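A short reminder: the numbers here are calculations on the coordinates, not readings from a lab. Quantities reported herein were computed from a predicted structural model and do not represent experimental measurements. With ideal geometry, Cβ positions are generated from the backbone for all residues, glycine too; neighbour counts draw on all protein chains shown.
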Amino acid sequence: MKERACVKCHLIVYGNICPNCKESSLSDDFTGVLIILDPEKSEIGKKMGITRAGRYALKVR
Ligand SMILES: [Zn+2]
């Protein structure tokens with residue numbers, strides 16, 4: 001399955017629903033991948049409001 005990004009929290013997911021925020025609006029039109037290993041220690045993660053480790057898209061259209 002193609003990976004897509006959640007339009008709400010930008011998490012990159014493989015399914016049809018975002019496991020992070022339960023959002024079902026996913027887009028395959030995203031650019032940039034940000035890997036958050038430890039959201040508590042990541043400044044970018046904090047800025048983006050990320051609370052869960054994972055791969056995130058920088059921009060989602
Ligand atoms: Zn989400």
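Quick look at the numbers
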read-out: Percent RCO, i.e. relative contact order, over the chain, from Cα pairs under 8 Å lying at least 6 residues apart; value: 37
read-out: Ascending count of other beta-carbon atoms within 10 Å, so fewest first, for TYR14, TYR56; value: TYR14, TYR56
read-out: Potential lengthening between LEU34 and LEU58 on full extension [0.36 nm per residue; Cα-Cα distance subtracted]; value: 8.0 nm
